[in-house]
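Trainee: Provided herewith is a single structure, encoded as structure tokens, for subsequent inquiry.
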Amino acid sequence: MDTKMIISIAVSVVLIGWAFWIVSPKSGPDSTTTVPTTTVVDGKQIIDITAKGGYSPRVVVAKAGIPTILRMKTNGTFDCSASVVIPKLSYQKFLQSSGTEDIAISAEQARGTLQGLCAMGMYNFQIRFQ
Ligand SMILES: [Cu+2]
């Protein structure tokens, strides 16, 4: 075995590991990672979610019962996460590959857990109104 071979094996191991890491479901509801929260400006809260190869953050904790704007951001997004579905809001839209899209959530809708998905249901995000 020469050095080149060892390097190529090492590279493939890393790539395979990375592929599994991408595919495997991360941060479920009981995740110990810190959950981002929102800030409220003039009685409205704005939630920023970036769509690109999935959604980030995956879980956001928001205040319940106040008008909310869900701001979906894309930046060179050409994967299916640009196709957003929010079943509870009957919302479905194909986002531009780059830009922002504001989704209005009324005070009445800002309750419980709001789940968003890509059209295929492969990626998802959660807004937990508390
Ligand atoms: Cu998808």
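Trainee: Restricting attention to region 88-102, does a residue exist that is aliphatic (A, V, I, L, M), in contact (Cβ under 8 Å) with a residue 24 or more places away in the chain and within 15 Å of Val60 (Cα to Cα)?
Mentor: Looking for residues that are aliphatic (A, V, I, L, M), in contact (Cβ under 8 Å) with a residue 24 or more places away in the chain and within 15 Å of Val60 (Cα to Cα), one finds none in region 88-102, hence no.
Trainee: Are any residues in region 51-90 out of contact with any Ser or Thr (no Cβ under 9 Å at 6 or more places or on another chain), open to solvent by less than 80 Å² (accessible area, probe 1.4 Å) and more than 16 Å from the ligand (Cβ to nearest atom), and if so, which ones?
Mentor: Within region 51-90, Ala64, Gly65, Ile66, Ile69, Leu70, Leu89 qualify.
Trainee: Take region 22-50 and flag every residue that is open to solvent by 70 Å² or more (accessible area, probe 1.4 Å), among the β-branched types (Val, Ile, Thr) and modelled with pLDDT under 85.
Mentor: Of everything in region 22-50, those that are open to solvent by 70 Å² or more (accessible area, probe 1.4 Å), among the β-branched types (Val, Ile, Thr) and modelled with pLDDT under 85 turn out to be Ile22, Val23, Thr32, Thr33, Thr34, Thr37, Thr39.
Trainee: Looking only at region 104-111, decide whether some residue is modelled with pLDDT of 95 or more and under 15 Å from the mean Cα position of the chain (by Cα).
Mentor: The answer is no, given that none of the residues of region 104-111 is modelled with pLDDT of 95 or more and under 15 Å from the mean Cα position of the chain (by Cα).
Trainee: Got at least one residue in region 107-130 being farther than 14 Å from Lys52 by Cβ, touching a Pro at 6+ places or on another chain (Cβ under 6 Å) and away from the ligand (no atom under 16 Å from the Cβ)?
Mentor: The answer is yes; a qualifying residue exists.
The values are calculated or read from the model by the stated rules, or taken from the named source; none is laboratory data. These numbers come from a predicted model, not from an experiment. All Cβ positions, even for glycine, are placed from backbone atoms using ideal geometry, and neighbour counts span all protein chains on display. Surface accessibility is based on the protein's heavy atoms, side chains included, excluding ligands, DNA and RNA. Shrake-Rupley method; radii C 1.70, N 1.55, O 1.52, S 1.80 Å.
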